[in-house]
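> Here it is, the structure, as structure tokens.
Readers should treat all values here as calculations from the given coordinates under stated rules, not as data from a laboratory. These numbers were taken from a predicted model, which means no experiment stands behind them. So basically every Cβ, Gly included, is an ideal-geometry build from the backbone, and we count neighbours across all protein chains shown.
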Amino acid sequence: MREPLVLIPGLLLTDDFWREQIARLSEVAQCIVPTSHFRMDSFTDMARLILDEAPERFALCGLSMGGYVAQEIMRQAPQRVTRICLMDTSSRADTPEQTERRRALINLGKIGNFKGVTPRLLPLLLHPDNQANKPIVDRLMKMAAEIGSDGFTNQQTAIINRPDGRPDLKNYKVPALVLCGRQDALTPLELHDEMASLIPNAVQVVLEHCGHLPPMEQPDETAAALRTWLAA
């Protein structure tokens, strides 16, 4: 019987983000990608909605903002999670500088200047060799347009108000995978080193030649790591 696997996408990403992983993992996991939680503006509410819709027990994987939601799910209902993967994310709260930048982006969106993923953001998201990869870039642009300005505002508001999750990591009692791209400029490697050091018996995987979005940039290597984790 395939294990239910809840895959939570990140900021401005939709269920299409997990397309390659669903194709590669469908033999071993029942992949579920929640989407309705994007209308919420707090991780507390996002986590509650996902928990309401999820199977009673499930594996959990979140990337970037999805990793923040996954950590909130672990705070609310750890007994329902069979294993946890935190991918290209952080357990730290926003710094004042980060919050200031997010509020500026929210304000731009509110006055009609929401542009989703723009070329100037690609260096934060993708390995240099992938920034001119038209199929990947086009998909990112399309997903951002689907989330839209209101969804973006909700997501950024939730991110601004997230807690410092580092004290909670020691309580994880299930198989844990911490995965990231070596060249992740948005949530650098040292943040993953920190999480892996705080989670008991965590396995850490670093993918080479990869930025912030391993499921799109290195789909085969990402799926291989997830398969090993699902079998743990």
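> Would you work out which of CYS31, PRO128, THR99 lies farthest towards the positive end of the dipole of the chain? Charges go on Cβ: Lys and Arg +1, Asp and Glu -1.
Selected residue: THR99.
> Per 5 Å bin, what percent of the C-alpha pairs of the chain does each bin hold, from zero upward?
With 5 Å bins starting at 0, P(r) equals 1, 7, 15, 20, 22, 19, 11, 4, 1, 0.
> Trypsin sites (Lys or Arg not before Pro), restricted to the stretch 127-232: which are DSSP loop and have at most 16 other Cβ atoms within 10 Å?
Details: sites: ARG139, LYS142, LYS170, LYS173, ARG182, ARG227; in loops: LYS170, LYS173, ARG182.
Those satisfying the criteria are LYS170, LYS173, ARG182.
> Oh, and also: Given charges of +1 on the Cβ of Lys and Arg and -1 on the Cβ of Asp and Glu, with all other atoms neutral, how large is the dipole of the stretch 75-194 about its Cα centre, in debye to the nearest 20? Write down the numbers at each step before the final one.
Details: 18 positive and 14 negative charges, 67 e Å.
So the dipole magnitude of the stretch 75-194 works out to roughly 320 debye.
> Now, a different point. Regarding the stretch 114-180, what's the average projected area of the Cα-atom convex hull, expressed in nm²? List each step's numbers first, then the result.
Values: hull surface 26.3 nm².
That works out to 6.6 nm², a quarter of the Cα hull's surface.
> Give the calculated FRET efficiency between ILE160 and ALA23 to the nearest 0.05, with a Förster radius of 25 Å applied to their Cβ-Cβ distance.
Details: r = 34 Å, r/R0 = 1.37.
So, using R0 = 25 Å, E works out to roughly 0.15.
> Hey, what D do you get for the stretch 18-80 in µm²/s if you plug the Kirkwood alpha-carbon radius into Stokes-Einstein at 20 °C and 1.002 mPa s?
On the way: Rh = 12.3 Å.
The Stokes-Einstein estimate is 174 µm²/s.
> Local charge sum around GLU3 (other residues, Cβ-Cβ under 10 Å, Lys/Arg +1, Asp/Glu -1)? Walk me through the intermediate numbers first.
Values: positive: ARG2, ARG57, ARG83; negative: none.
Net of charged neighbours comes to +3.
> What does the charge count near ASP94 come to, summing +1 for each Lys or Arg and -1 for each Asp or Glu among other residues with Cβ under 13 Å from its Cβ? List each step's numbers first, then the result.
Details: positive: ARG92, ARG101, ARG102, ARG103, ARG162; negative: GLU97, GLU100, ASP164.
It works out to a net charge of +2.
> Pick out, from VAL178, SER149, ILE84, the residue whose Cα sits farthest towards the positive end of the charge dipole of the stretch 76-232, with +1 on the Cβ of Lys and Arg and -1 on the Cβ of Asp and Glu.
Of the candidates, SER149 comes out farthest on the positive side.
> According to the Kirkwood expression over distinct Cα-Cα pairs, how big is the hydrodynamic radius of the stretch 104-230, in Å? Before the final figure, lay out each step's value.
Working: mean 1/r = 0.0611 Å⁻¹.
This gives a value of 16.4 Å.
> Let me have the 222 nm mean residue ellipticity of the chain computed from DSSP H runs of 4+ only, each contributing -39500 (n - 2.57), with the sum over all residues rounded to the nearest 500. Please report the intermediate quantities before stating the final value.
On the way: 10 runs with 106 residues, N = 232.
Taken over the chain, the calculation gives -13500 deg cm²/dmol.
> If you put +1 on each Lys and Arg Cβ and -1 on each Asp and Glu Cβ, how big is the dipole of the stretch 157-201 around its Cα centre, in Debye rounded to 20?
On the way: 5 positive and 6 negative charges, 35 e Å.
Magnitude of the dipole: close to 160 debye.
> To continue, here is another question. So, in nm, how far is label LYS170 from label GLN30 when the simple model puts each one 7 Å beyond its Cα toward the Cβ?
Using points 7 Å along Cα→Cβ, the separation is 3.6 nm.
> Here's another thing I want to ask about it. What number does the stretch 1-129 give for Rg over Rh if you use C-alpha atoms and the Kirkwood radius?
On the way: Rg = 15.8 Å, Rh = 15.9 Å.
Here the Rg-to-Rh quotient is 0.99.
> Could I have the simple spin-label model distance between SER197 and ALA93, label points 7 Å from Cα toward Cβ, reported in nm to one decimal?
The modelled label-to-label distance comes out at 2.1 nm.
> Another one. Among ALA202, PRO9, PRO214, flag the residue with its Cα farthest along the positive direction of the charge dipole of the chain, charges on Cβ as +1 for Lys/Arg and -1 for Asp/Glu.
Checking the options against the dipole of the chain, the answer is PRO9.
> Sticking with this structure for a sec: Please report the orientation-averaged projected area of the stretch 189-229, defined via the convex hull of its C-alpha atoms, in nm². Could you put the intermediate results ahead of the total?
On the way: hull surface 12.1 nm².
So the mean shadow area of the Cα hull is 3.0 nm².
> Could you tell me how far the Cα centroid of the stretch 113-157 sits from the Cα centroid of the stretch 20-55, in Å?
Going from one Cα centre to the other spans 20 Å.
> Next up: Compute the signed sum of charges (Lys and Arg +1, Asp and Glu -1) over the other residues within less than 11 Å, Cβ to Cβ, of ASP184.
Numbers: positive: ARG182; negative: ASP88, GLU190, GLU217.
That sum, taken over residues with Cβ under 11 Å, equals -2.
> Something else about it: Quick one: putting +1 on the C-beta of Lys and Arg, -1 on the C-beta of Asp and Glu, what dipole do you get for the chain around its Cα centre, in Debye to the nearest 20? The partial results should precede the final answer.
On the way: 25 positive and 29 negative charges, 60 e Å.
Its charge dipole is roughly 280 debye.
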